[in-house]
Amino acid sequence: TSRKCHVAYAKLKGYISLHLMTEETNQTTSSGLTWPPTLKYLDFIYKDLEHGGVYKGPKECKCATNFAIIVPFRDREQHLRFFLFYIHPLLQRQRTCYTIIVVEQDDDKTFNKGKMMNSGFLYANSIGDFDCYIFHDVDMIAENDRNIYQCKEKKVAHLVWQMDKYDYEIPYYDYIGGVLAFTKEQFITVNGFSTMYEGWGGEDDDMMKRIWAKGYELWRPRKKNIARFKMIHHNHDKRNPRIDDYLMQDLLFSAISRQDSDGLNSLHTVRTDVIKYPSHTRVKVRS
Ligand code: UD2
Ligand code: MN
């Protein structure tokens, strides 16, 4: 099958109605299934994938692109179950090949999202050659499958524009939370995410400064209602307290001067385990 397959845009569903589907949790559906599906059941649904959440494309053609979907994770099993239920069919409808890599912080320290994402990038790099690395919050569910998951050669792609949490308005222009797509060259050039943000907040604003400092611009799907996401409702996580405001200001103030020494090249995490489930690869990392 040398024919390259490209997304059949017209066949994409557009809106996927999500409202009820992600609010009513731990229900048992009429057919007796737990909702959201258990990880065990998800492994059954995706049993035909190559283990580790690897999709190599439809039979009739060869994928034009191969993506690493990198998900920072800890203590969010229910969100992960929703995420895995929705992301596989969406990417397959978009005719792209991919590997789902869930990077789980494997210690009791404050959550460090930057370190988990950088570790995910290094792991992905060690197992294959990807055209695009998509850093994806576990609780973000695309509402419109015409939001093509993609990287851009010259710009960093931010695939979120409207979110239910903000009444589908954009919070502020240079907001880049949720789902961010880099080519390998872009991510290495910005030296990944800062590893200094222990806890909630700041690492994405820091990344915006890094992107600009290295001469990249941001790209977003412009058409209204394409880059629509639902963030599954959640409270703050116990082990991810908000970073002290003064520390966050200091870190953001020194973001550019620190960029070339704080990130991919200063990551001292330890990979403690890699488990290949049918639905995803779980990479455990001590921060
Ligand atoms: C916003 C941003 C997020 C990040 C965060 C500040 C959006 C859509 N997202 O998300 O990108 O910048 O602010 O840090 O604007 N996580 C875990 N376990 C934890 C804590 C976090 O798995 O205990 C992961 C998970 O993938 C989660 C992500 O980190 O989706 C971001 O954390 P959040 O969802 O608590 O933060 P939120 O929704 O304010
Ligand atoms: Mn969230």
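Considering only DSSP beta bridges whose two residues both sit in the chain, what percent are antiparallel, to the nearest 5? Here the antiparallel bridges make up roughly 45 percent for the chain. Each of Ile188, Gly263, Tyr173 was placed along the dipole of the chain (beta-carbon charges, centred on the mean Cα), and the one lying farthest toward the positive end is Ile188. Extension gain, Val270 to Ile45: 0.36 nm times the residue separation minus the Cα-Cα distance gives 77.8 nm. Taking Leu90, Leu122, Leu218 in turn, the Gaussian network model of the chain (Cα-Cα springs below 10 Å) assigns the largest fluctuation to Leu122. Summing Lys and Arg as +1 and Asp and Glu as -1 over all other residues whose Cβ lies under 12 Å from the Cβ of Tyr175 gives a net charge of -2. If you plug the beta carbon distance of Trp212 and Asp250 into 1/(1 + (r/R0)^6) with R0 = 22 Å, you get a FRET efficiency near 0.70. Rounded to the nearest 500, the helix-only mean residue ellipticity at 222 nm of the chain stands at -7500 deg cm²/dmol, with each DSSP H run of n ≥ 4 adding -39,500 (n - 2.57). The GNM of the chain, with springs linking C-alpha atoms under 10 angstrom apart, assigns the highest mean-square fluctuation among His234, His158, His79 to His234.
In this structure Lys165 has an accessible area near 110 Å², from a 1.4 Å probe over the protein heavy atoms.
Taken per residue, the accessible surface of the chain reaches 47 Å², heavy atoms only and a 1.4 Å probe.
Given +1 at the Cβ of Lys and Arg, -1 at the Cβ of Asp and Glu and no other charges, the dipole of the stretch 23-143 around its Cα centre is 340 debye to the nearest 20. Counting only protein heavy atoms and using a 1.4 Å probe, the accessible area of Ser287 comes to about 20 Å².
GNM on the chain, C-alpha springs below 10 Å: top fluctuator among Val156, Val274, Val179? Of the options given, Val274 has the highest mean-square fluctuation. On a C-alpha basis, how far is the centre of the stretch 169-216 from the centre of the stretch 79-146 in Å? Whole number, if you could? The stretch 169-216 and the stretch 79-146 have Cα centres separated by 16 Å. At full extension, Ser30 and Gln78 could sit 15.3 nm farther apart than now, given 0.36 nm per residue minus the alpha carbon distance. The portion of the accessible surface of the chain made up by carbon and sulfur, rounded to a whole percent, is 52 (1.4 Å probe; DNA, RNA and ligands excluded). Here the contact order of the stretch 28-143, divided by its residue count and restricted to Cα pairs under 8 Å and six or more residues apart, works out to 35 percent. Across q = 0.07, 0.16, 0.17 Å⁻¹, the chain modelled as identical point scatterers on its alpha-carbon atoms has Debye log10 I(q)/I(0) values of -0.24, -1.43, -1.64, in the order of the q list. Restricting everything to alpha-carbon atoms, can you work out Rg to Rh for the stretch 3-104 with a Kirkwood hydrodynamic radius? Reported Rg/Rh, Kirkwood definition of Rh: 0.98.
Measuring between their Cα centroids, the stretch 261-280 and the stretch 1-60 lie 25 Å from each other.
The values are calculated or read from the model by the stated rules, or taken from the named source; none is laboratory data. Model, not experiment: these values are computed from the prediction. Every residue, glycine as well, gets a Cβ built from its backbone with ideal geometry; the counts of neighbours run over all protein chains shown. Calculation scope for accessible area: heavy atoms of the full protein, side chains included, ligands and nucleic acids excluded. Shrake-Rupley method; radii C 1.70, N 1.55, O 1.52, S 1.80 Å.
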